[in-house]
Amino acid sequence: AGYRDALAFYRGLADDHGGPVLELGAGSGRVTLALAQAGHAVLAVEPSPAMRERGAARLAAAGYGERVTWIDADMRALDLGVRVPLAIAPFHALMHLPTLDDQDAALRAAHHHLDPGGAFATDVFVPRFGAPGTVRAERLGDGDLFLWQTHDAARQVVVTEHRWDRVGDDGAVRRRRATLRQRYFQRFELERALRAAGF
């Protein structure tokens, strides 16, 4: 919820290109809400029911639910029968696709949905890692987040382990766990994939 660095970038693109905006990997609606607040209609593609529910609740609570159509679909096999002036895949959405074939399919689907002259935008992960085995800690809400990463350079895969500890009213520590596996891509690999998808 606190990560806002890219919001102005995506809002600016939507202002320049118009809507509706096709958002691939809309998640819990962080970017979706920023676009809706700026007056844009959004086609929010998100395969996770829990994330769609959270996103829809976020948009409804802010009073912008009517500007967003939530779509239960996989970005690799998307065929909505519509064209848009702008498609985006924010916040490392493409990194959740585990293979080159998966990433290629998602880029082809994005290109397929663009108006002639339409634009596609995504972020690019810079693969800079700290010392292996290092645990980072930060305060997150009313708890403490601990995370560490393992990196497979040959496969370009980074796995991040998250542990979030909160102290309950009874004084007991409760821990939530999550594992995030992502495949990043290098510059020339991404350039090849974009060309192959028709960009």
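The values are calculated or read from the model by the stated rules, or taken from the named source; none is laboratory data. Small disclaimer: the values here were computed from a predicted structure and weren't measured. All Cβ positions, even for glycine, are placed from backbone atoms using ideal geometry, and neighbour counts span all protein chains on display. Protein only, heavy atoms only, side chains kept; ligands, DNA and RNA dropped before computing areas. Shrake-Rupley method; radii C 1.70, N 1.55, O 1.52, S 1.80 Å.
Residue pairs whose Cβ atoms lie under 8 Å apart, sitting 6 or more positions apart in sequence or on different chains, and linking a residue in the stretch 22-41 that is more than 16 Å from Leu86 (Cβ to Cβ) to a partner that is surrounded by fewer than 24 Cβ atoms within 10 Å (Cβ to Cβ) and among the polar types (S, T, N, Q), are Gly27/Ser48. Of the residues making up the stretch 21-46, those that are part of a loop (DSSP other than H, G, I, E, B) and buried (at least 21 other Cβ atoms within 10 Å of the Cβ) are Gly25, Ala26, Gly29, His40, Glu46. Among the residues making up the stretch 63-84, those that are within 16 Å of the chain's Cα centre (by Cα) and of a type in the set (Asp, Glu) are Asp72, Asp74.
Ile88 meets each of the listed conditions (1) within 20 Å of Arg4 (Cβ to Cβ); (2) touching a Phe, Trp or Tyr at 6+ places or on another chain (Cβ under 7 Å); (3) among the hydrophobic types (A, V, I, L, M, F, W, C); (4) open to solvent by 30 Å² or more (accessible area, probe 1.4 Å) apart from (4). Quick check on Ala56: is it over 23 Å from Phe199 (Cβ atoms), assigned to a helix (DSSP H, G or I) and either hydroxyl-bearing (Ser, Thr, Tyr) or without any contact (Cβ under 8 Å) to a residue 12 or more places away in the chain (or both)? Taking the combined requirement at face value, the residue does not satisfy it.
Taken as a whole, the structure leaves Asp101 outside the set of residues that are in a loop (DSSP other than H, G, I, E, B) and among the charged types (D, E, K, R). If the condition is being assigned to a strand (DSSP E or B) and open to solvent by 80 Å² or more (accessible area, probe 1.4 Å), then the stretch 136-147 contributes Arg136, Glu138, Arg139.
For first residues located in the stretch 95-114 and more than 17 Å from Arg192 (Cβ to Cβ), partners that are β-branched (Val, Ile, Thr) and modelled with pLDDT of 90 or more and lie 6+ apart or on another chain with Cβ distances below 6 Å form the pairs His113/Val84. When Arg108 is tested against (1) open to solvent by 50 Å² or more (accessible area, probe 1.4 Å); (2) charged (D, E, K, R); (3) over 30 Å from Gly19 (Cα atoms), only condition (3) is not met. For the condition in a loop (DSSP other than H, G, I, E, B) and not hydroxyl-bearing (Ser, Thr, Tyr), Phe120 does not qualify.
Within the bounds of the stretch 119-135, is there any residue that is open to solvent by less than 30 Å² (accessible area, probe 1.4 Å) and closer than 27 Å to Ala38 by Cβ? Looking for residues that are open to solvent by less than 30 Å² (accessible area, probe 1.4 Å) and closer than 27 Å to Ala38 by Cβ, one finds at least one in the stretch 119-135, hence yes.
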